[in-house]
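Chemist: Following this message is one structure expressed as structure tokens.
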Amino acid sequence: MTVAEQPAAPATSLLGLFPEGSHLDEHGELVVGGCRATDLAERFGTPAVVVDEDALRSRARRYVHAMAEHWPNSQVVFASKSFPCTAVVRTLVEEGLGVDVAGGGELVTALAAGADPRQLVVHGNAKTQQELAMAVDAGAGTIVVDNFDDIDRLERVVGDRPQRVLLRVIPEVSADTHEAMVTGQRGSKFGLTIPDAVRAAERLKASGRLELEGLHVHVGSQLLDTQPFREAVEALAGIEELGEHAVYDLGGGLGVRYTYDDRPPTVEEYVKTLTDAARTHLPPTARLIIEPGRSLVAQAAMTLYRVVTVKPGPRPLVAVDGGMADNLEPMLYGQRFEATVTSRVGGGQRYDLVGRHCESGDTLIRDVPLRDPRVDDVIAVPVTGAYCASLANNYNGARRPPIVFCRDGQAREVVRRETYDDLLRRDVPTPRSRVGTDPR
């Protein structure tokens, strides 16, 4: 059987990858957040990132409810690097979440979204003096100390109010994910080895300006097995020299379903794994923090493209008007996505869905079934809410796409498409060159 002849998943299976509640209307057109995909493409253009607001809120509520049920003294904190959009952050803050920021831009975004500074968790393996000063000035509730230099810089910028900090520890736990997504293994660039963590804790306890509240751990992203999360809690508890603490931040990393074959744990299974391990190994009075990112936002969004050309051949190609400028995940991590023509959902011949950028590696999805794709058709790629907008770029002068919220059949643009003027806006005017002119 050739690649082009392989059977494809039916429409019902494909719909399961789109935001909860997505369906086909009476004409067979994909509907997300009550809005027809083709109408969205016509109104906002393509590429466009579409967020189902109800799906986003529902996911947040599942996390909040699960943590409240299994460990009431807890806080869910959104890892905003996964989707650093003011409207997304504002929505999650409205659902009671704190915000995890890594860098000055994410801090500014969180504050603009109305996040309570006291519920900010500031991350980064190479925080600058300016970023730490911004966090302290904003009243950030918690700063995660990743290295000894963080301690030096923080002691220089904090004022009279002691700054609460967590100490990030490398648990030496391996996780089955892409090598770029593992963070808790030996040799990780994040956090401190156990001996260094013990020394850093001693220094923090002796500091008159920094208050060590607890420990932080993170093992990786897009994890489809709960075992590494359990092992990380055990590893923290096993460091007797660090003693017991009032706060334990157990990070994030739960994987999501990008393809038909992915079987991630549910939010409830993930939370129960963490809290069961905490109940066994950590102080019962401790406050637990978790930092979901990808698993909060990925499935709440899709990206719409328009077909520019269809090429027959031994590997039939469908080229769209986006690509690696709006979704780098396939190129950086080898992440597999699925796709469909929005007016002919499910089934069809297999094509390579490629982008418009001048790279042979600009392939969004290989061997994806598309039913009779034609020029000007709208293509929808689900599960693009995590890291696609974060990593968007201007390769080949591409203008970063708009972000559109949909709810109850109403659509609103929360981030506009970049303009060509935007691409030139940072240019600094310079005098015209006088090369070849008479200096007199």
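The values are calculated or read from the model by the stated rules, or taken from the named source; none is laboratory data. Please read all numbers here as calculations on a predicted model, not as lab measurements. Note: ideal-geometry Cβ built from the backbone for every residue, glycine included; neighbour counts use all protein chains shown. All accessible areas refer to the heavy atoms of the entire protein, side chains included, with ligands and DNA or RNA removed. Shrake-Rupley method; radii C 1.70, N 1.55, O 1.52, S 1.80 Å.
Chemist: Just name the residue that is least open to solvent (accessible area, probe 1.4 Å) out of those in the stretch 408-428 that are more than 22 Å from residue 38 (Cβ to Cβ) and touching a residue at least 24 places away in the same chain (Cβ under 8 Å).
Modeler: For the stretch 408-428, the residue satisfying everything is 418.
Chemist: Please work out if residue 344 is more than 27 Å from residue 297 (Cα to Cα) and either polar (S, T, N, Q) or buried (at least 16 other Cβ atoms within 10 Å of the Cβ) (or both).
Modeler: No, not satisfied.
Chemist: Select from the stretch 218-235 the residues that are in a loop (DSSP other than H, G, I, E, B), without any contact (Cβ under 8 Å) to a residue 60 or more places away in the chain and in contact with a Ser or Thr (Cβ under 9 Å, 6 or more places away or on another chain) and list them in ascending order.
Modeler: Selection gives 219, 224, 226.
Chemist: Taking interchain pairs and intrachain pairs at least six residues apart, which have beta carbon atoms under 8 angstrom, with the first residue in the stretch 325-348 and in contact (Cβ under 8 Å) with a residue 60 or more places away in the chain and the second aromatic (Phe, Trp, Tyr) and open to solvent by 10 Å² or more (accessible area, probe 1.4 Å)?
Modeler: 325/395; 328/387; 329/387; 338/260
Chemist: For the stretch 25-62, which positions are in a helix (DSSP H, G or I), over 30 Å from residue 98 (Cα atoms) and either hydrophobic (A, V, I, L, M, F, W, C) or modelled with pLDDT under 95 (or both)?
Modeler: 37, 40, 41, 44
Chemist: Looking at the stretch 97-105, can you tell me whether even one residue there is at positive phi, touching a strand residue (DSSP E or B) at 6+ places or on another chain (Cβ under 8 Å) and either without any contact (Cβ under 8 Å) to a residue 24 or more places away in the chain or not polar (S, T, N, Q) (or both)?
Modeler: There is no residue in the stretch 97-105 that is at positive phi, touching a strand residue (DSSP E or B) at 6+ places or on another chain (Cβ under 8 Å) and either without any contact (Cβ under 8 Å) to a residue 24 or more places away in the chain or not polar (S, T, N, Q) (or both).
Chemist: Among the candidates 64, 76, single out the residue that is within 16 Å of residue 254 (Cβ to Cβ) and open to solvent by 30 Å² or more (accessible area, probe 1.4 Å).
Modeler: Going through 64, 76 in turn, just one is within 16 Å of residue 254 (Cβ to Cβ) and open to solvent by 30 Å² or more (accessible area, probe 1.4 Å): 64.
Chemist: Which one of these does residue 351 not meet: (1) hydroxyl-bearing (Ser, Thr, Tyr); (2) touching a residue at least 24 places away in the same chain (Cβ under 8 Å); (3) not in a strand (DSSP E or B)?
Modeler: With respect to (1) hydroxyl-bearing (Ser, Thr, Tyr); (2) touching a residue at least 24 places away in the same chain (Cβ under 8 Å); (3) not in a strand (DSSP E or B), residue 351 is out only on (3).
Chemist: Out of 405, 337, report the one residue that is touching a Lys or Arg at 6+ places or on another chain (Cβ under 6 Å), open to solvent by less than 40 Å² (accessible area, probe 1.4 Å) and of a type outside the set (Gly, Ala, Ser).
Modeler: Answer to the selection: 405.
Chemist: Also, I was wondering about something else. What is the one condition in (1) in contact with a Lys or Arg (Cβ under 6 Å, 6 or more places away or on another chain); (2) surrounded by fewer than 24 Cβ atoms within 10 Å (Cβ to Cβ) that residue 400 does not satisfy?
Modeler: (1)
Chemist: State all residues of the stretch 257-282 that are assigned to a loop (DSSP other than H, G, I, E, B) and either free of Cβ contacts under 8 Å to residues at least 24 places away in the same chain or open to solvent by less than 10 Å² (accessible area, probe 1.4 Å) (or both); if no residue qualifies, say none.
Modeler: Answer for the stretch 257-282, where residues must be assigned to a loop (DSSP other than H, G, I, E, B) and either free of Cβ contacts under 8 Å to residues at least 24 places away in the same chain or open to solvent by less than 10 Å² (accessible area, probe 1.4 Å) (or both): 258, 261, 266.
Chemist: Scan 160, 176 and give me the residue that is at pLDDT below 95 and farther than 22 Å from residue 252 by Cα.
Modeler: Going through 160, 176 in turn, the sole match is 160.
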